[in-house]
Amino acid sequence: MTAPWTRDGDDEWSFDEYLPPELQLKSFVHFTSLPVARHAVRLLAPTAGMRILDVGSGPGKFCLVAAHEAPQASFVGIEQRKHLVYIATRLAERWAVPNVSFIHGDVFALDWSGFDAFYLFNPFAEQLFKPWQILDDTIEHDPKHFIRYVTATYKRLAQARAGTRVVTHHGFGAPPPLDYELASDTPPGPSSVELWIKRR
Ligand SMILES: C[S@@+](CC[C@H](N)C(=O)[O-])C[C@H]1O[C@@H](n2cnc3c(N)ncnc32)[C@H](O)[C@@H]1O
C-alpha cells in the first residue's frame, strides 16, 4: 500500500487515522506534524546518502514521512516505548518504506557516531509534564531524567564531527554546543524549527 499522506488534499488525519485511538488524541502535542516533517527533512538531508537519527521516534510519524520525502537518505528512529516501536515498524511494512528502521531502546545506549544528522522534537520535555499531559505512564517520569537526558544529548552533539546537522522542533532543553551555528540560509518554513550545523 502506498503511503496515504501522498494523496491530494492530505492533512494530519491521513497519517493519524492509522494510529490507535489513544495516540490519535495525543498526536497534535507529541508527534511531528506533516508540514514540519517535510520542512525538517529538507534541512536534515540536503544531499543523497545521509543517515539521520530521530531521537525518540514515538510511533514513527516523523521518520516515516521524512523517509518517504527523502528516498536517498536513511532514517533510524530509536524509542524507549516498545509498543510505539511495534506500531512504527508495522506502518513501515504496511507502506513499504524501505529507508527507515526502528530500534527499541534508550537513545543513550546507542552509538551516535554513525549518523550525519539528528532530529529532536523536544524529546525529553515529557519528563516535566503534568500527569494529564504525558503520552502514557509506561515509563517513569522524573524531572531528574530531563536534566540527565539533556546533558547527555549536549555531550553527544559536542562529540559529533564537523558538518553534523541538527534540526530541533521546539528545542531539546538546552542550546546546542557553541561550535554549532544556527544556519541563517534556511528557507522559510514552519515556526519552532531550527537547523544547527557543527562548524568544527
Ligand atoms: C515528542 S515525542 C516525538 C516523537 C517523534 N520524534 C515525532 O517527531 O513524531 C518524543 C519521544 O521520545 C521518546 N523518548 C524520550 N526519551 C527517550 C530516551 N531516553 N530513549 C528513547 N526514547 C526516548 C518518548 O518516549 C517519545 O515517544
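The values are calculated or read from the model by the stated rules, or taken from the named source; none is laboratory data. Fair warning: this is a prediction, and the values are worked out from it, not measured in the lab. Here the Cβ is made from the backbone with ideal geometry for all residues, glycine too, and neighbour counts use every protein chain on show.
Residues in the range 30-59 that are in contact (Cβ under 8 Å) with a residue 40 or more places away in the chain, of a type in the set (Lys, Arg) and out of contact with any strand residue (DSSP E or B) (no Cβ under 9 Å at 6 or more places or on another chain): Arg42 only. Taking every residue in the range 18-29 that is touching a residue at least 40 places away in the same chain (Cβ under 8 Å) and pairing it with any residue that is surrounded by fewer than 17 Cβ atoms within 10 Å (Cβ to Cβ) and part of a loop (DSSP other than H, G, I, E, B), at least 6 positions away or on another chain, the pairs with Cβ-Cβ distances below 8 Å are Glu22/Asp136. Filtering the range 104-124 to residues that are within 9 Å of the ligand (Cβ to nearest atom) and surrounded by 18 or more Cβ atoms within 10 Å (Cβ to Cβ) leaves Val107, Tyr119, Leu120, Phe121, Pro123, Phe124. For the range 141-192, a residue qualifies if it is among the β-branched types (Val, Ile, Thr), at pLDDT 95 or above and either more than 21 Å from Asp111 (Cβ to Cβ) or within 16 Å of the ligand (Cβ to nearest atom) (or both), and the qualifying residues are Ile147, Val150, Thr151, Thr153, Val166, Val167, Thr168. With respect to the conditions (1) more than 21 Å from Gln72 (Cβ to Cβ); (2) crowded, with 19+ Cβ neighbours inside 10 Å, Asp54 falls short on a single one, namely (1). Applying a threshold of 8 Å to beta carbon distances and a minimum spacing of six or more residues, or different chains, the list of pairs starting in the range 84-102 at a residue that is in contact (Cβ under 8 Å) with a residue 24 or more places away in the chain and aromatic (Phe, Trp, Tyr) and ending at one that is away from the ligand (no atom under 14 Å from the Cβ) and part of a loop (DSSP other than H, G, I, E, B) reads Trp95/Met1; Trp95/Thr2; Trp95/Ala3. Identify all residues within the range 125-140 that are near the ligand (Cβ under 10 Å from one of its atoms) and over 29 Å from Ala67 (Cβ atoms); write none if there are none. Hits for the range 125-140: nothing passes.
Of the strands (runs of 3 or more DSSP E) lying entirely inside the range 152-199, those containing at least 1 residues that are buried (at least 21 other Cβ atoms within 10 Å of the Cβ) and touching a residue at least 40 places away in the same chain (Cβ under 8 Å) are 165-169, 193-198.
Every test in (1) crowded, with 18+ Cβ neighbours inside 10 Å; (2) within 14 Å of the ligand (Cβ to nearest atom) is passed by Ala73 save one, and that test is (2).
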